[in-house]
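A short write-up of the structure that comes next.
The values are calculated or read from the model by the stated rules, or taken from the named source; none is laboratory data. Everything quoted here is computed from the prediction, not taken from an experiment. Positions of Cβ are backbone-derived with ideal geometry, glycine not excepted, and every protein chain shown enters the neighbour counts.
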Amino acid sequence: MNDFPRWKHFLVAFVAIIAVLYAVPSLYQKQPAVQVLANKADVVDEALKERALQALQTRKIAFDEVTIKNERLLVTFPDTDAQLAAASALRTDLGDKFTVALNLASTVPAWMRAIGANSMPLGLDLQGGVHFLMQVDQKSVLDGQEQRYIDDIRSLSRDKNIRNVKVSRGAQGIIVQANNSADLDAIALAVARDITDLIVVDGPAMGDSPSLIANVKPERIKQIADNTITQNVATLRNRINSLGVAEPMIVQQGDSRIVVELPGLQDTAEAKKLLGATATLEYRAVDESANVAEAVRTGSVPPDSRIYYFKDGRPAVLKKKVIVTGDELVDASSSVDEQSGTPAVSVALNSAGARKMLDFTSQNVGKGMAVVLVERTPEVRMVDGKEVRTAKITEEIISLASIRGVFSNRFQTTGLDSAKAASELALLLRSGSLAAPVDIVQERVIGSTLGADNIRKGLNAVILGMLLVVVFTAVYYKAFGLIADIALFMNLVLLVAVLSIFQATLTLPGIAGIVLTLGMAIDANVLICERIREESRNGMTPFAAIRAGYEKAWATILDANVTTLIAAVSLMTFGSGPIRGFAITLSIGILTSMFTAVTGTHSLVALIFGRSKLKSLSI
């Protein structure tokens, strides 16, 4: 047995030490905490720390420690009840200039964290929280894009001095009508040159007017759909950051769905309000030519205008064409109007929006401009025992005033009911507009108590499974069984260490993968032990039987583990969510078990029996 290389002994010892060092942090339980981050120009400093302390002490909320590190304020608490109460208090007292997030503070010693030894992140099923499956409404985006193409075609017609052109949407696409074929040919040529996303074909005659049918190219439709869901994922991530949830998961699922998981969050009302709702501002010109009272009485308005209402029911006639939308906002914050002292939202536009606003205000000083708040809130109703998901769209004027001067990228929106309403509107606008509305089609809440119960049951399964395997192996294979048991324990430690190093999230299916790995890990040692017994029966000396057992069993061990690894990698590649978590744990477990079951046990056998004169094997 002295032929076992010394460097392999050192390798096994080194791996064992590193495994223990990086597995131990997972034994430290995380502590409930609240973190405070500054928005924009505000900073986290000692003054903020004093404000936070005062907020907690005033309400007599118990806390353990308040620290400032990495430009964030972190407050730790003895339990989750104090954590939730403190988060609500801090959000109220600090306002929207700071983001208050629920968090779990690590209790791992600082020297371990300094070398990257951290505890494993826990999944939603172990930590508790909220799971949302959201459906993206792609049709509304395509409808909006078609409306923009309609406006572009009208603009092209005006530029070509073509009169009496009618552009509308129909079942076949965008319908363009003109007085004669010559005008229609000129429009078709201009569209083909300037609006390359459209396919234009001749349409049927409508009365005395010839027509064209324009449709969006399929590749452009796919590009719009891809961009929509990508932007929605990014926007939802911004909104969740504003909501203040530590370690959220936002991923695309399929072509039109998004999965959102918010660990630690138990109250879904605020999350659903922020995630499911779309809120944006639209700046529209007032139709000065319309008689509002007459329009409301008869319902007759100019074709390019429509009636909107204030919250108190007052009507106004506004142009359908939007000057600037919320998509062109780059910043929004709640403030107070210096002239009236009423709540307001200070708005900053991007360069495109600033140019549009500058052009409009330059030509319309003294005329009216309205600010319309558009909100879309998902609703669920029960119809004939089935859930029917709809959306409530609310459009209301929040401000209507005369343009007193020319402005472009920065201005204020006033007319809001309260400071809270201003703060909520600023938060939604600052988080970004969704490229398309989203509906929550599935919702699942996992309580923190259930998460703790899952952890307890998972640990019991691991302990019971390992105990049964250890007892069986020790009884059946005696001394070699005890060596296999040591290797099995080191495999568990090494598996936890690898998961911790790569910060892989541990879920309930992941624990199932660990239990399965423990059962499979002993297979290699069974093959080795059986091979050694067979060689001993064939008359080999103990040392020769051990050497032959390891050499001849290796090919079978490799084959068995590689085939299982291929299946695990396939699950990891094509699966998602729980299936992927199970496959990742299983894959890592297979690799670690091959090292501990073969190299690890061989090293121990060489150390124990290498220098003794064996006459027989305890196997």
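Brief remarks on what is shown
- Of all residues assigned to the range 566-579, none qualifies as being closer than 14 Å to I528 by Cα, touching a residue at least 12 places away in the same chain (Cβ under 8 Å) and among the hydrophobic types (A, V, I, L, M, F, W, C).
- Checked against (1) modelled with pLDDT under 85; (2) loosely packed, with under 15 Cβ neighbours inside 10 Å, Q57 passes all but condition (1).
- Look at (1) buried (at least 16 other Cβ atoms within 10 Å of the Cβ); (2) at pLDDT 80 or above; (3) within 25 Å of the chain's Cα centre (by Cα) and you find that F77 fails only one, number (3).
- A single entry from V380, V445, V441 fulfils the requirement of being at pLDDT below 75, assigned to a strand (DSSP E or B) and over 25 Å from I307 (Cα atoms): V380.
- 2 or more residues hydrophobic (A, V, I, L, M, F, W, C) and touching a residue at least 60 places away in the same chain (Cβ under 8 Å): qualifying strands (runs of 3 or more DSSP E) within the range 1-85: 31-38
- The listed residues are S346, S340, and the only one of them that is surrounded by fewer than 18 Cβ atoms within 10 Å (Cβ to Cβ), assigned to a strand (DSSP E or B) and at pLDDT below 85 turns out to be S346.
- Failed item, numbered, when N161 is tested on (1) on the phi > 0 side of the Ramachandran plot; (2) surrounded by 17 or more Cβ atoms within 10 Å (Cβ to Cβ): (2)
- Filter pass, A354 being touching a residue at least 12 places away in the same chain (Cβ under 8 Å), in a helix (DSSP H, G or I), in the same structural domain as V292 (by TED's automatic domain parsing) and under 33 Å from the mean Cα position of the chain (by Cα): yes
- Which numbered condition E387 fails, given (1) in contact with a Ser or Thr (Cβ under 9 Å, 6 or more places away or on another chain); (2) at pLDDT below 70: (1)
- Only a single criterion out of (1) surrounded by fewer than 16 Cβ atoms within 10 Å (Cβ to Cβ); (2) without any contact (Cβ under 8 Å) to a residue 40 or more places away in the chain is not satisfied by K478, namely (2).
- Candidates in the range 104-154 are the residues that are among the aromatic types (F, W, Y) and either farther than 30 Å from V498 by Cβ or in contact with a Phe, Trp or Tyr (Cβ under 7 Å, 6 or more places away or on another chain) (or both); of these, the one that is surrounded by the fewest Cβ atoms within 10 Å (Cβ to Cβ) is Y149.
- Considering L488, L467, the condition of being surrounded by fewer than 19 Cβ atoms within 10 Å (Cβ to Cβ) and farther than 23 Å from P121 by Cβ is satisfied by L467 alone.
- Taken over the range 334-371, the criterion of being at positive phi and in contact with a Lys or Arg (Cβ under 9 Å, 6 or more places away or on another chain) is satisfied by G366 alone.
- Selection of the range 492-527 for residues being farther than 21 Å from P578 by Cα and modelled with pLDDT of 90 or more yields V493, L494.
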